[in-house]
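The values are calculated or read from the model by the stated rules, or taken from the named source; none is laboratory data. Bear in mind that the values here come from a model prediction, so they are computed numbers and not experimental data. Counting neighbours? That spans all protein chains shown, and the Cβs are built from the backbone with ideal geometry, glycine included.
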């Protein structure tokens, strides 16, 4: 019973804080298209017994003040003691901001936001690297659905650094993702 009461009080505080938006902020919620566009992505490097180089740029748009969608290509070079391969394709993502500024709720001095994130990756995999049948050649399609949450730290007026924790929803039969998949992305 105590937990339910605490959760109810926290939800009421969040609702009351979100209702206290100044009039000037409400007028700015409809910015022009140019101001709603964002670009960014991630870049990964790993060297050693396993070499993994990944480039994943992203372009997106804020559809609503708390809802963004984006898409972009992805390329990954992977080499381990058993062989090497190139993985390429694209991804489409949707991100919803739950808390835009955590400092409004808990005054800790951080302007960090919290969001949920979902994305679909369509990848082209080298069949001989990912399957055990020796006669397989060519490439195959793999579609993966990832979902998770993250934090966003503003780094400027329109830029931010996001740390996202994603889990594979559709399975990970080819071992493409860690559990969780941790991404650090920059948006500007």
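For the stretch 85-95, the criterion of being part of a loop (DSSP other than H, G, I, E, B) and either modelled with pLDDT of 90 or more or out of contact with any helix residue (DSSP H, G or I) (no Cβ under 9 Å at 6 or more places or on another chain) (or both) is met by no residue. Considering every residue within the stretch 107-115, establish whether at least one is assigned to a strand (DSSP E or B) and either touching a helix residue (DSSP H, G or I) at 6+ places or on another chain (Cβ under 6 Å) or within 17 Å of residue 40 (Cβ to Cβ) (or both). Yes, some residue in the stretch 107-115 is assigned to a strand (DSSP E or B) and either touching a helix residue (DSSP H, G or I) at 6+ places or on another chain (Cβ under 6 Å) or within 17 Å of residue 40 (Cβ to Cβ) (or both). Which residue pairs have Cβ atoms closer than 7 Å, lie 6 or more positions apart in sequence or on different chains, and pair a first residue in the stretch 122-139 that is at pLDDT 85 or above with a second residue that is in a helix (DSSP H, G or I)? Matching pairs, first to second residue: 138/127; 139/127.
So that you can scan it fast, the table gives a plain yes or no per residue for (1) under 18 Å from the mean Cα position of the chain (by Cα); (2) farther than 11 Å from residue 185 by Cβ; (3) buried (at least 17 other Cβ atoms within 10 Å of the Cβ); (4) in contact (Cβ under 8 Å) with a residue 12 or more places away in the chain:
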| residue | (1), (2), (3), (4) |
| --- | --- |
| 34 | no, yes, no, no |
| 37 | yes, yes, no, yes |
| 41 | yes, no, yes, yes |
| 50 | no, yes, no, yes |
| 59 | yes, yes, no, yes |
| 62 | yes, yes, yes, yes |
| 67 | yes, yes, no, yes |
| 70 | yes, no, yes, yes |
| 76 | yes, yes, yes, yes |
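Taking the stretch 170-188 as the range and being exposed (fewer than 14 other Cβ atoms within 10 Å of the Cβ), more than 11 Å from the chain's Cα centre (by Cα) and over 18 Å from residue 62 (Cα atoms) as the test, the residues that pass are 170, 171, 173, 175, 178, 179.
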